1. Once you place label points 7 Å from the Cα toward the Cβ at residue 52 and residue 144, how far apart are they in nm?
2. Given the rule -39500 (n - 2.57) for each run of at least 4 DSSP H residues, summed and divided by the residues of the chain, what is its mean residue ellipticity at 222 nm, to the nearest 500 deg cm²/dmol?
3. Which one, [x] 1, 8, 16, 21, 23, 18, 10, 3, 0; [y] 1, 6, 8, 9, 6, 6, 5, 4, 4, 3, 3, 3, 3, 3, 3, 3, 3, 3, 3, 3, 2, 2, 2, 2, 2, 2, 2, 2, 1, 1, 1, 0, 0, 0, 0; [z] 1, 9, 17, 21, 19, 15, 10, 6, 2, 1, 0, gives P(r) over Cα pairs in 5 Å bins from 0, in percent as derived from the coordinates shown?
4. Could you pull out every one of the aspartates and glutamates with an alpha carbon less than 12 Å from that of residue 162, ignoring same-chain neighbours closer than 8 positions?
5. If packing is taken as the average count of other Cβ atoms within 10 Å, what order do 26-38, 139-151 fall into, highest mean first?
6. Quick one: what are the phi-derived ³J(HN,Hα) couplings along region 97-113, Karplus 6.51/-1.76/1.60 with θ = phi - 60°, whole Hz, x for glycine and proline?
7. Can you compute the modelled spin-label distance between residue 178 and residue 80, with each label point 7 Å from Cα toward Cβ, in nm?
8. Of 137, 110, 19, which is the most mobile in a GNM of the chain whose springs link Cα atoms less than 10 angstrom apart?
Amino acid sequence: MKLLFLFGDAAVGKMTVGQELAKITDLRLFHNHMTIEPVIEIFGYYNPAAITGLRRVIFEEYAKSGNYGMIFTLMFAFDRKEDWDELERVKDIFRPYGTEFYYAELVAPQKIRLERNATENRLMHKASKRDIEISNQRLINDDNNHRFESFPGEIPFENYIKIDNSNLPPETVAEMIKERFDL
């Protein structure tokens, strides 16, 4: 099995690139809002414990499914030990099944991400982003409080690629990832 972690800052294009990558590979897309949105709908607020629990069940079941692989999108704060630890917990679920891990980091400046924050595809799949003013402020606050772009040489993993997708269509980025990792 293959597990591709597709990470980057808010509104960088993770879900959209993941959608395109799923079209040209046998990988299934599990974007982070597939658990965030139902939890918000049920609880009426963002509940991290419920979101993590749902993800864990999906990871456990998927790991033993025998499927070709999964794309998992996530925001990853490089300055938070908790994010590094959670990445390892997810990998621990998949390791017993001989899973190969891949890492694709997307980067784009805040100005471009603020523009992407209001795209039709994003708003269709992420109800919690539909109040653009609040969503934009959350993006700016996240940028001010954490670091979502890796430093050169910081990523210790094999099978890693960093792509500035500021001026690239998602189809091109998906093809780059597919080719780089022979997916």
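Every read-out reported here was derived from the displayed coordinates using simple, explicitly stated rules and does not represent laboratory data. Everything numeric here is computed off the predicted structure, so don't read it as measured data. Ideal geometry is used to build each Cβ from the backbone, glycine not excepted, and the neighbour counts take in all protein chains shown.
1. With each label placed 7 Å out from Cα toward Cβ, I get 2.6 nm.
2. Values: 8 runs with 91 residues, N = 183.
-15000 deg cm²/dmol, from helical runs alone.
3. [x]
4. The qualifying aspartates and glutamates are 105, 149, 154.
5. On the way: 26-38: 18.2, 139-151: 14.2.
Descending packing order for the listed peptides: 26-38, 139-151.
6. Per-residue couplings from phi come out as 9, x, 5, 9, 9, 9, 9, 10, 9, 9, 9, 7, x, 4, 4, 5, 5 Hz.
7. Reported label-point gap for residue 178 and residue 80 is 3.2 nm.
8. Comparing 137, 110, 19 in the GNM, the peak value goes to 137.
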